[in-house]
Amino acid sequence: SIDLGGQPDAVAISPDQAYAAIAIENERDEDLGDGEPPQMPAGFLVIVNTSGDVADWTTKRVELTSLEGAEYPTDPEPEYVSINSQNIAAVTLQENNAIVLVDLATASVTKSFSAGRVDLTMVDTVEDDIIDQSSTLSQVPREPDGVTWISNTMLATADEGDLDG
């Protein structure tokens, strides 16, 4: 077995099966304090080099704190991971409204960026057991949950919202 050092939320295997990437979310306790981030410990990404026999597999930890575009840079909470054919992992930081690209061969962050904000119309904003899609929300963070590669240069995200979306 491999000690991952935290609470895993998602795993992806590279198309060439040379790597596994595991998002260690270390999800916050929504009942603690006001339930808002940041809450330690910070999440991270674990890369498993799956070359050779299982006994020979090695791991590398990639820190995801202090990244460009993250709304809570000390508490990344990586949510989901997808790997393209160039062994670049796309990792969503849902509560941070950000996406991180990690080169699995070098175990390094190559880019991080905000998922942006959106204006929503015809939404129900009141929890009152009545469906009333007449409200508008402005500049809501997308908060991407799932992510997949469309090509080696294009991503698609499932913008679920969670914390603020």
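Could you please find all residues in segment 100-128 being without any contact (Cβ under 8 Å) to a residue 24 or more places away in the chain, part of a strand (DSSP E or B) and of a type in the set (A, V, I, L, M, F, W, C)?
LEU101, LEU120, MET122, VAL123
Just wondering, is there one or more residues in segment 90-98 that are surrounded by fewer than 16 Cβ atoms within 10 Å (Cβ to Cβ) and not basic (Lys, Arg)?
No, there is no match, as no residue in segment 90-98 is surrounded by fewer than 16 Cβ atoms within 10 Å (Cβ to Cβ) and not basic (Lys, Arg).
Mind listing whichever residues of segment 48-79 are part of a strand (DSSP E or B) and charged (D, E, K, R)?
Passing the criteria: LYS60, ARG61, GLU63.
Which one is farthest from GLN86 (Cα to Cα), of the residues in segment 127-165 that are surrounded by 10 or more Cβ atoms within 10 Å (Cβ to Cβ), at pLDDT 90 or above and among the acidic types (Asp, Glu)?
ASP132
Which of the residues spanning segment 1-58 are modelled with pLDDT under 95, surrounded by 11 or more Cβ atoms within 10 Å (Cβ to Cβ) and charged (D, E, K, R)?
Across segment 1-58, the qualifying residues are ASP9, GLU25, GLU27, ARG28, GLU30, GLU36.
In this structure, is ASP132 part of a strand (DSSP E or B) and either touching a Cys at 6+ places or on another chain (Cβ under 8 Å) or of a type in the set (Asp, Glu) (or both)?
No; evaluated as a whole, the condition is false for this residue.
Do the conditions hold for THR92, that is, is it under 17 Å from SER66 (Cα atoms), in contact (Cβ under 8 Å) with a residue 12 or more places away in the chain and either in contact with a Leu (Cβ under 6 Å, 6 or more places away or on another chain) or not in a loop (DSSP other than H, G, I, E, B) (or both)?
The answer is yes for THR92.
For segment 62-87, which positions are touching a residue at least 40 places away in the same chain (Cβ under 8 Å), touching an Asp or Glu at 6+ places or on another chain (Cβ under 9 Å) and either surrounded by fewer than 20 Cβ atoms within 10 Å (Cβ to Cβ) or among the acidic types (Asp, Glu) (or both)?
GLU71, ASP75, GLU77, GLU79, SER85, GLN86, ASN87, listed by residue number.
The values are calculated or read from the model by the stated rules, or taken from the named source; none is laboratory data. None of the values given here were measured: they were computed from a predicted structure. Here the Cβ is made from the backbone with ideal geometry for all residues, glycine too, and neighbour counts use every protein chain on show.
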